[in-house]
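The values are calculated or read from the model by the stated rules, or taken from the named source; none is laboratory data. Note that this is a predicted model, so its numbers are computed, not measured. Glycine also receives a Cβ, built like all others from the backbone with ideal geometry; neighbour counts cover every protein chain displayed. What goes into the accessible areas is simple: the full protein's heavy atoms, side chains included, and nothing from ligands, DNA or RNA. Shrake-Rupley method; radii C 1.70, N 1.55, O 1.52, S 1.80 Å.
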Amino acid sequence: MSLHAIKPFGKPLRIIALSLLALSSEAWSHAVVTESSLTSHPVKPNQPTKVVLFFNSGVELALSRVFLVSKGDVFHPVNIAKGKKAGEMLVDIPPLEPGDYALKYKVFAADGHFTENVIRFRVDNP
Ligand SMILES: [Cu+2]
């Protein structure tokens, strides 16, 4: 979206568009998961797994929490550690039976904001 394109619509819309731009640039600075190892390396049943979450910004581990959510909305705290690069987080997943799970995280980004989100994943029989 270019600012040029919205000029013909007059001032009110321009103000809205500008505040949207401000919001989106702020959102960009929050810690958002851009990728996870779950896509390339699905969790295999009944063996511990280290899942890597890739954030778009640095994350303060001491102020971040990750939970494994299993059937019935049961929350299990899991250990997290620093990855190789800034914005990489290692999550220890215990051995799991086949089924549907989720990782619910609340992370504290370098810009001082908390972000909460859920990543769903499935453990399939080999
Ligand atoms: Cu932020």
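Just the number please: accessible area per residue for segment 47-126, 1.4 Å probe, all protein chains included, in Å².
With all protein chains present, segment 47-126 gives 60 Å² per residue.
Please report Rg over Rh for segment 85-126, where both radii come from the alpha carbon positions and Rh follows the Kirkwood definition.
1.08
Please give the net charge around Val123, taking every other residue with its beta carbon less than 13 angstrom from that of Val123, where Lys and Arg add +1 and Asp and Glu add -1.
Net of charged neighbours comes to +1.
Express in nm, to one decimal, how much length is gained between Val52 and His76 on full extension, taking 0.36 nm for each residue of separation and deducting their alpha carbon distance.
On the way: separation 24, 0.36 × 24 = 8.64 nm, distance 1.76 nm.
Full extension from Val52 to His76 adds 6.9 nm.
So if R0 is 30 Å, what FRET efficiency would Ser40 and Asp111 give, r being the distance between their Cβ atoms, rounded to the nearest 0.05?
0.60
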